[in-house]
Amino acid sequence: MTGPLRSEEQILAAGAAAVADFPPLTDRQVDLMVALLSPVRDEVLAAQQEQNRPAADAA
């Protein structure tokens, strides 16, 4: 490690500062991002449900 861990608040503040100069997304850009990321979200949710399933259900 090269330095102390940063708190969640520090990380969020740094992220907010990094994107502060970017213009807001248009509705079209948001729609495209949702369309692109929805299949990924569905796969992640399915994998989480699979992991959380008790061993008896998996058998």
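Descriptive notes on the structure:
- Dividing the summed helix terms, -39500 (n - 2.57) for each DSSP H run of n ≥ 4, by the number of residues in the chain produces a 222 nm estimate of -23000 deg cm²/dmol to the nearest 500.
- For the chain, the longest principal axis of the alpha carbon atoms and the long axis of helix 27-52 meet at an angle near 40°.
- With the simple spin-label model, which puts each label point 7 Å out from Cα in the Cβ direction, the ALA18 to GLN49 separation comes to 3.2 nm.
- Carbon + sulfur, % of accessible area of the chain - ligands and nucleic acids excluded, 1.4 Å: 61 percent
- Charge dipole (debye, nearest 20) of the chain; +1 at Cβ of Lys and Arg, -1 at Cβ of Asp and Glu: 100 debye
- The angle between the Cα long axis of helix 8-19 and the main principal axis of the chain comes to about 60°, on a 0 to 90 degree scale.
- Unit charges at the beta carbon, dipole of the chain: most positive-side option, LEU45, VAL19, LEU5: LEU5
The values are calculated or read from the model by the stated rules, or taken from the named source; none is laboratory data. Quick caveat, the model's predicted, so the values are computed rather than measured. Methodologically, a virtual Cβ is constructed for each residue, glycine included, from the backbone with ideal geometry; neighbour enumeration extends over all protein chains shown. To get the accessible areas, we keep the full protein, side chains included, count just its heavy atoms, and leave off ligands, DNA and RNA. Shrake-Rupley method; radii C 1.70, N 1.55, O 1.52, S 1.80 Å.
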